[in-house]
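All remarks here apply to the structure that follows.
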Amino acid sequence: MSKHTEVELTLPALPQGWEAEGNFKALGKVTKATERSIEPVGPHFLAHARRARHKRTFSEDDKIQAEKNVKKVEDDDSGEISEPEDPMMLSRDAKDWKAQDHYAVLGLSKYRYKATEEQIKRAHRKKVLRHHPDKKAAAGSTEDDGFFKCIQKATEVLLDPVKRRQFDSVDERAEVEPPSKKLAKGDKFYKLWAAVFKAEGRFSRTQPVPKFGDANSTQEVVEDFYNFFYTFDSWRSFEYQDEDVPDDNENRDQKRHVEKKNNNARKKKKTEDSARLRNLVDQAMAGDERIKKFRQEASAAKNKKKNDKEAAAKKAVEDAKAKKEADAQAAKDAEEKAKVDKEQGKKAKEAAKAAVKKNKRVLKGSVKDANYFADGAPDAKVIDAVLNDVEIVQGKIDPDEIAALAGKLNGLKVKDEVKAVWSEEVKRLIGAGKLKDGEVKTLV
Amino acid sequence: MATTEATTNGTMPNDRHTIGISFGNSNNSIAIAVDDKAEVIANEDGDRQIPAILSYVEGEEYTGQQAKAQLIRNSKNTVAYFRDFLGQDFASIDPTHSHASAHPQEHESTVAFNIQDKADSETSTVTVSEVATRLFKRLAQSASDYSGKTVNSAVITIPTNFSDKQKAALITAANNADLEVLQLIHEPIAAVLAYDAKNEHSGSDKVVVVADLGGTRSDVAVVAARNGIYTILATAHDYEFAGTALDVVLQDHFAKEFIKWNTTDPREEARSMAKLKLESEATKKALSIGTNANFSVESLAEGADFSSTINRLRYEMIARKVFDGFSRLIEGAVKKADLDVLDIDEVILSGGTSHTPKIARNMQSLFPKATVLAPSTTPTAINPSELQARGAALQANLIQEYEAEDIEQSTHAAVTTVKHLTNAIGVLSADDVFTPIIAAETAVPARRTIHISAPAAGDVLIKIVEGGSHIKISTIEPKPKDEADSDDSDDDSDEEPEEQREKVWKVGTVLAEASIKGIKKCGKVEVMINVAADLAVTVTAREVGGKGGLRGNITAP
């Protein structure tokens, strides 16, 4: 075969170190193939047949073997209608088609809104094969095509997407009644309500519809579910229950009137339906143990927070109070202490004062004891001068030194000894620069 | 397929004069192939679409258009729409379409009609097989008259869901008309063959959707064509959305028009209904060609004449539901084959209803990547009504030299059942992009060769991998509005993000690696992959014009 296809593409460069025997490496195997039947038609098939046969003849057994493996592309058209036909339904009048259950007529009542177009077509065909009036007439029975018309009407409705939606909208048999509170208890609650909402979900414009879940669903799942149904976008409409609009060209006013009435009725029903669904969701939510559980959990968490907060606040208040009290106590203590100190200081001061007075008396007494350093009876002038000097010295030194000096002078009665102490003191003071030389002559 | 090919009148291959017959419920057509070119033969009335109707007026037999006219006056002795009754028991037939003609009856485990086919006034019971035989005789006669030789063998097309019993019944009916049935071929394949014989590059790999929209049924087949080998991947059949459904739309339309001026409903009276039906069909056909069509019937009901016109737009509007039904059916078949609309390379519209321009337009929008082969979209398209007969004639031409036994052995299931690749096999480019060499669903053994240009000199790596396709959906954000010309623009409404679907390849198992060293600048690499019947793969690669090359084997799984 010289035929080849040109391909525009860049081949990857050989990676470093790529090595293989004969420059070829087998790495994988082709995925298992499907057995299919090729069509024995055309020149290329002839070539194939030639190659395949190689002068061999095939037996019937080979054929059976080969056919067994072939993947089926043709659907099985046979098969019985599984649903028994209700004799009441068979005697229906097609004129009353609005009240008829189209799915039941076609034997699809267990599929209902879930039936595919293919299923409907097949079901229709099966029903036609069984109920065609020409066949009945041929079999000798009376010409009764009532049910056949029902079949035709059902197919017409169900094969038209718009009409089918209208019918599905009001298909009460597909609805699941909400369970009573008594019935929906424990695990049954989830099973029963899930069925209700699964049926309701068929009207949703947004698919897929979230699942109802079970007792162990997480809060997120449950909340998603309820949010979805509280903001439900429904395609449900109620044209199917319209009153028949009278045929055109008869009475235009009447026609318009009926149309208007129908429109209002549709709107009303739609509103009612929304309310009904909302009510349903409310009902489910009210009985939903999960919601209660989540609420309790949430409130427990919230309470915990609140309690913590309160305790903290209380503690803060108490702490503040305690601190305040402590502060007050401390202030009081300090005050008292200050008072005591003050009193004690006063006492000490008084004591010191007394001591100073006493010492001063000792000092003055000492010079008196030394007979004012005079020999014989001292005259007033000498006394005056000595006392004056003692006063000066006293003024120059602080109470401690006075006390020390008094200590030294205490008990001394001899004139010279007293004089020596005073003279020493005066010298010390002159040395310290507190007294000027010659200021206190009498005591030197 | 057909093992019951009768050899009762085993004509020697040399004496064969063969035609292709498209044997339908509503219409038949016959074609003859001369030198690989097929031609559809007109009967003595000049019709290439011969209504599959047989009518008897005082012992005289009429077929085709003449018989169809008898549906009005002589419906009881006119047999129509009977092809699907062949080989069936009474319980499993749908008599709907025969309501306005002779009614089928149960007769000894088969179906029959009570008609007066003799000059005397006695009615006789004619089995459906006998009716078919009579019709085959007429068809063969027409072909013989045209070619000047006695036609004695034929290839006949059948729907893909014909059971073995139906096939056997059809062959018996043809044999009784002195026609040897060389082979029964599937209708969609005949249509593909008719197109592929016309194209030189028929060997290409493609996925074809054949929508055979007939009068009473629509059949869709998804066919993988791989180098001239055809495999049906999925089929869908429908008995609601077909040509007659469009007729009914027009019937209802004109009946309502009629009621506006008259008091009676023409649909309530059998003869009026027959007239309405015939004229509606004619109007429908006219609307496929022109944009306006007349509808006029003399004495439609109560002796009142009726004439009206309809334009194509109105027709397309009132028949929209049926058109949508066609689209859904065809899309459903593609889904059934596990494919996406983007996987389809070609859509062949076959059957009389395919003339309708609206259907071709719908197909074009449904399959944006595919070529729609219909008269209104492709000027070179073959007449959809003739496709099957042409295909049958081409096949007849191809196999007429073979012995009957030879044909039977070649169409044996042991020959036709072969493995088909699940995934495509191809090579990886430098940036890991997969390029298929052998497509998925290719029958093995298969061999494909590609040439890859290597712009740079040096050593290259050839990676042989499996690839699967999947559909990537990306949304395109609406373009940000240009500030400059946003003066009071009124196109705000269509600013929704648009979804774009595109087919991308996913790299699967790596099968092998190979290297070619020292390629010259601007050289080319030839890679040939040969998959044997047991899925063992042989890879050969070489530089075009270079010496040597390499060869490697991957063992069968």
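Here is how the numbers come out for the structure above:
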{"read-out": "Residue match in the range B:146-156 (condition: under 21 Å from the mean Cα position of the chain (by Cα), over 30 Å from residue B:425 (Cβ atoms) and either surrounded by fewer than 18 Cβ atoms within 10 Å (Cβ to Cβ) or within 11 Å of chain A (Cβ to nearest Cβ) (or both))", "value": "yes"}
{"read-out": "The range A:29-47 - residue that is in contact with a Gly (Cβ under 9 Å, 6 or more places away or on another chain) and either at negative phi or hydroxyl-bearing (Ser, Thr, Tyr) (or both) and, of those, surrounded by the most Cβ atoms within 10 Å (Cβ to Cβ)", "value": "A:41"}
{"read-out": "Selected residue (only one of A:375, A:389 is in the same structural domain as residue A:411 (by TED's automatic domain parsing), outside any helix (DSSP H, G or I) and either loosely packed, with under 10 Cβ neighbours inside 10 Å or at negative phi (or both))", "value": "A:375"}
{"read-out": "Qualifying residues in the range A:408-420 (those that are in a helix (DSSP H, G or I), modelled with pLDDT under 80 and not charged (D, E, K, R)) - the one nearest to the chain's Cα centre (by Cα)", "value": "A:409"}
{"read-out": "Residues within the range B:226-251 that are free of Cβ contacts under 8 Å to residues at least 40 places away in the same chain and at the interface with another protein chain (Cβ under 8 Å from one of its Cβ atoms), tallied", "value": "1"}
{"read-out": "Top-ranked residue in the range B:445-467 [being more than 7 Å from chain A (Cβ to nearest Cβ) and within 28 Å of residue A:67 (Cβ to Cβ); ranked as surrounded by the most Cβ atoms within 10 Å (Cβ to Cβ)]", "value": "B:446"}
{"read-out": "Enumerated strands (runs of 3 or more DSSP E) restricted to the range B:497-557, each holding at least 1 residues that are more than 8 Å from chain A (Cβ to nearest Cβ) and either in contact with a Gly (Cβ under 6 Å, 6 or more places away or on another chain) or buried (at least 19 other Cβ atoms within 10 Å of the Cβ) (or both)", "value": "B:498-519, B:523-531, B:537-543"}
{"read-out": "Qualifying positions in the range A:29-48 - in a strand (DSSP E or B) and not basic (Lys, Arg)", "value": "A:34, A:35, A:37, A:38"}
{"read-out": "Checklist (1) surrounded by 21 or more Cβ atoms within 10 Å (Cβ to Cβ); (2) without any contact (Cβ under 8 Å) to a residue 40 or more places away in the chain applied to residue B:256, failing item", "value": "(1)"}
{"read-out": "Set A:414, A:367: member being surrounded by 15 or more Cβ atoms within 10 Å (Cβ to Cβ) and β-branched (Val, Ile, Thr)", "value": "A:367"}
{"read-out": "Every residue from the range B:392-406 that is facing chain A (nearest Cβ under 7 Å) and touching a strand residue (DSSP E or B) at 6+ places or on another chain (Cβ under 7 Å)", "value": "B:395"}
{"read-out": "Unique match (being out of contact with any Leu (no Cβ under 9 Å at 6 or more places or on another chain), loosely packed, with under 11 Cβ neighbours inside 10 Å, within 30 Å of residue A:405 (Cα to Cα) and not hydroxyl-bearing (Ser, Thr, Tyr)) among A:335, A:343", "value": "A:343"}
{"read-out": "Hits in the range A:370-405 - residues which are under 18 Å from residue A:424 (Cβ atoms) and among the aromatic types (Phe, Trp, Tyr)", "value": "A:373"}
{"read-out": "Candidate set: the range A:2-28, residues that are part of a helix (DSSP H, G or I) and at the interface with chain B (Cβ under 7 Å from one of its Cβ atoms); chosen: the one surrounded by the fewest Cβ atoms within 10 Å (Cβ to Cβ)", "value": "A:22"}
{"read-out": "Test for residue B:409: is it under 30 Å from residue B:179 (Cβ atoms), modelled with pLDDT under 90 and away from chain A (no Cβ under 11 Å)", "value": "no"}
{"read-out": "The range B:192-222, subset within 11 Å of chain A (Cβ to nearest Cβ), modelled with pLDDT of 90 or more and in contact with a Gly (Cβ under 6 Å, 6 or more places away or on another chain), residue nearest to residue B:424 (Cα to Cα)", "value": "B:193"}
{"read-out": "Matching option when the condition is surrounded by 19 or more Cβ atoms within 10 Å (Cβ to Cβ), within 9 Å of chain A (Cβ to nearest Cβ) and not polar (S, T, N, Q), among B:387, B:428", "value": "B:428"}
{"read-out": "Residue list for the range A:78-130, filter: free of Cβ contacts under 8 Å to residues at least 12 places away in the same chain, among the hydroxyl-bearing types (Ser, Thr, Tyr) and over 26 Å from residue A:239 (Cβ atoms)", "value": "A:78"}
{"read-out": "Enumeration of residues in the range B:50-62 that are closer than 10 Å to residue B:79 by Cβ, assigned to a strand (DSSP E or B) and either at pLDDT 95 or above or of a type outside the set (Phe, Trp, Tyr) (or both)", "value": "B:53, B:54, B:55"}
{"read-out": "Top-ranked residue of the range A:196-233 - restricted to ones that are part of a loop (DSSP other than H, G, I, E, B) and among the aliphatic types (A, V, I, L, M), ranked as modelled with the highest pLDDT", "value": "A:209"}
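Okay, residues lined up against (1) under 55 Å from the mean Cα position of the chain (by Cα); (2) within 14 Å of chain B (Cβ to nearest Cβ); (3) not aromatic (Phe, Trp, Tyr):
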{"site": "A:116", "(1), (2), (3)": "yes, yes, yes"}
{"site": "A:120", "(1), (2), (3)": "yes, yes, yes"}
{"site": "A:137", "(1), (2), (3)": "no, yes, yes"}
{"site": "A:146", "(1), (2), (3)": "no, no, yes"}
{"site": "A:157", "(1), (2), (3)": "yes, yes, yes"}
{"site": "A:171", "(1), (2), (3)": "yes, no, yes"}
{"site": "A:174", "(1), (2), (3)": "yes, no, yes"}
{"site": "A:181", "(1), (2), (3)": "yes, no, yes"}
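The values are calculated or read from the model by the stated rules, or taken from the named source; none is laboratory data. This structure is a prediction, so every number in the text was calculated from the model and none was measured. Positions of Cβ are backbone-derived with ideal geometry, glycine not excepted, and every protein chain shown enters the neighbour counts.
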